[in-house]
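Structure first, then comments.
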Amino acid sequence: MKRPSQRPVSLEDLLRLKRAERPPEAFWADFDRGLREKQLAALLRSRPWWQRWADGGFWPALGRLALPVGAIGLIAGLFLVPRPNGEEAAGPALALSSTENVPVAVVAAEMVAVAAEGVAVAAVPAPALEAAAAVEERASVEPVALAAAEAVSPAVTVGEPAAAPARVAKDALPAAWAAGGQTETLVAASLLGGTKRFEPRASNARSVVEPLQQMVPPGERRGTRILTAMVAAGAGENGPRASERFASRLSEERLYDQIERFGARGAGVNVRF
Amino acid sequence: MVFRFAARGAAAFASAVIPAAKVLPQALIASPERRQEADADREIVLRVQAGEVAAFDALVLRYRERVYGVVYNLIGNREDAADLTQDCFIKAFRSIHRFQAQAAFFTWLYRIAVNSTLSQLRRQRLRSFLSLDQLDTEAPVAKEVIDALTDKSGADRATFAQELQEKLNDALQRLSIKHRTVVTLFEIDGLNHQEIAEVMECSEGTVRSRLHYAKQQLQAELAPYLRR
């Protein structure tokens, strides 16, 4: 009968038994096949974003996001940064809101607004049209025209001192008178060209708008409200009076133009670049 | 053709530049054999990093049994161990561009294996069960121990060996995960304290302490099979 050896057996000896636990050779063939499949799958499968960022792909990913992030920043900048020179879209609203604290300017703006009601003002700012009408009527009255020009100048320019635009308008009026037979378009163009660089087609585009065309479709009312709120927010002084006044005086053509540009349809706003 | 040329050029550039900058810390590698192995690994890794994907197979062939052994001894289930070993190599393959020769490749690979296994053990703590590989009783290591413990032969000897294997694995599974890891790496895989500390990202003192405690617990569990 075989006797067990008297050799001492330690814990280390027992643990060394684990080295003798080995899988059969066939196991490694299956192992290699499975590993190859997983390796190919790993090469083909796109990894989630957190693993790509963890592997140092943060800056490339940020580079891919640069366009949308930049676009959002640009839009935010357009609406949040105060603009020294008013653009066509927000010019009247900015002018009205910025002159609310100045009594003289408020009076002038009100005068211009009252005078502009009968002229069906479209894309051209009301103060310049008022000045042009004064020229055409030849009412005795350079002082009247000058007064009109002086009165409207704060409303035309945004963020600039009122004296400079007024002086420009004064200089332009004699030239317009000299032209005599020129049309209202030319007068308006000469008046506005020095101050606001309006294009002549803007005044040519004015036409008689039929009452039915003035009706706003119900689906675009929301777009109008959103647009008004955006413009009022961009003015920096977003008092309710300014936005309401702007909404009431915003011409149909300009409103449609802005709605088209911002892509306001129904319940959403789609900004185009 | 162009890809091969580019890969060869990148490999040549890397081998010309990197050895001066990224010399392995020799103090971390204990034995000369391990050091030679680490140098050979580094060359293969550089080839893989240069775009020679097929060179990774050499690393798999070299380390698959050792990595499988670590994972198997930690988890005690051969099917799970096979899956985890494959996943470990996939992770290493994906991350090999981030591997820098601050440590030996096998240390880095062991770290991936151990961390993957520990994560798996934490996930399936309540549903783990043993599925053991066959114990080769004729292997010199096993034969000597079994001969010292029993005088049985034939089927009885095989039954005794199986019983001993189950008791041993059961005792190992009763250890905490960290203690089991230290025992596995030190006693079964033959890493030294410094290498284990690097793999487990802890101090050598912690490794020694865990090893001491784990051995105490194992001696209590396996007392019937010990002979002084």
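The values are calculated or read from the model by the stated rules, or taken from the named source; none is laboratory data. Given the structure is predicted, the values throughout are model-derived calculations rather than measurements. A quick note on method: Cβ atoms are made from the backbone with ideal geometry, for glycine too, and the neighbour counts reach across all protein chains shown.
Conditions tested, residue by residue: (1) under 19 Å from residue B:200 (Cβ atoms); (2) modelled with pLDDT of 90 or more; (3) in contact with a strand residue (DSSP E or B) (Cβ under 7 Å, 6 or more places away or on another chain).
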site	(1), (2), (3)
B:70	yes, yes, no
B:77	no, no, yes
B:88	yes, yes, no
B:95	yes, no, no
B:101	no, no, no
B:104	yes, no, no
B:133	no, no, yes
B:137	no, no, no
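Which of (1) under 23 Å from residue B:223 (Cα atoms); (2) more than 7 Å from chain A (Cβ to nearest Cβ) is the odd one out, the single condition residue B:131 does not satisfy?
Result: residue B:131 passes all but (1).
Just one of (1) surrounded by fewer than 19 Cβ atoms within 10 Å (Cβ to Cβ); (2) at pLDDT 85 or above trips up residue B:42, so point out which.
(1)
Kindly establish whether residue B:228 is more than 18 Å from residue B:74 (Cα to Cα) and not hydrophobic (A, V, I, L, M, F, W, C).
So residue B:228 passes the test.
Can you pull out the residues in the stretch B:139-166 that are more than 9 Å from chain A (Cβ to nearest Cβ) and basic (Lys, Arg)?
Across the stretch B:139-166, the qualifying residue is only B:157.
Determine if the stretch B:98-113 includes at least one residue that is free of Cβ contacts under 8 Å to residues at least 60 places away in the same chain, within 13 Å of chain A (Cβ to nearest Cβ), out of contact with any Pro (no Cβ under 8 Å at 6 or more places or on another chain) and within 26 Å of residue A:45 (Cα to Cα).
Checked the stretch B:98-113: at least one residue is free of Cβ contacts under 8 Å to residues at least 60 places away in the same chain, within 13 Å of chain A (Cβ to nearest Cβ), out of contact with any Pro (no Cβ under 8 Å at 6 or more places or on another chain) and within 26 Å of residue A:45 (Cα to Cα).
Quick check on my filter: what residues within the stretch B:193-228 are under 18 Å from residue B:115 (Cβ atoms) and free of Cβ contacts under 8 Å to residues at least 40 places away in the same chain?
B:196, B:197, B:202, B:203, B:206, B:207, B:210
Do the conditions hold for residue B:100, that is, is it part of a helix (DSSP H, G or I), out of contact with any Asp or Glu (no Cβ under 8 Å at 6 or more places or on another chain) and more than 15 Å from residue B:81 (Cα to Cα)?
no
Which of the residues belonging to the stretch B:116-136 are assigned to a loop (DSSP other than H, G, I, E, B) and of a type outside the set (A, V, I, L, M)?
B:124, B:128, B:129, B:133, B:134, B:136
Which residues, counting only those in the stretch B:137-178, are within 19 Å of the chain's Cα centre (by Cα), over 15 Å from residue A:12 (Cα atoms) and either in contact (Cβ under 8 Å) with a residue 60 or more places away in the chain or assigned to a helix (DSSP H, G or I) (or both)?
B:173, B:177, B:178
So how many residues does the stretch B:187-226 have that are loosely packed, with under 15 Cβ neighbours inside 10 Å and within 14 Å of another protein chain (Cβ to nearest Cβ)?
So the answer is 7.
Has the stretch B:202-225 got any residue that is among the small types (Gly, Ala, Ser) and at positive phi?
No, the stretch B:202-225 has no match at all.
Looking only at residues in the stretch B:176-186 that are β-branched (Val, Ile, Thr) and more than 13 Å from every other protein chain (Cβ to nearest Cβ), which one is surrounded by the fewest Cβ atoms within 10 Å (Cβ to Cβ)?
B:177
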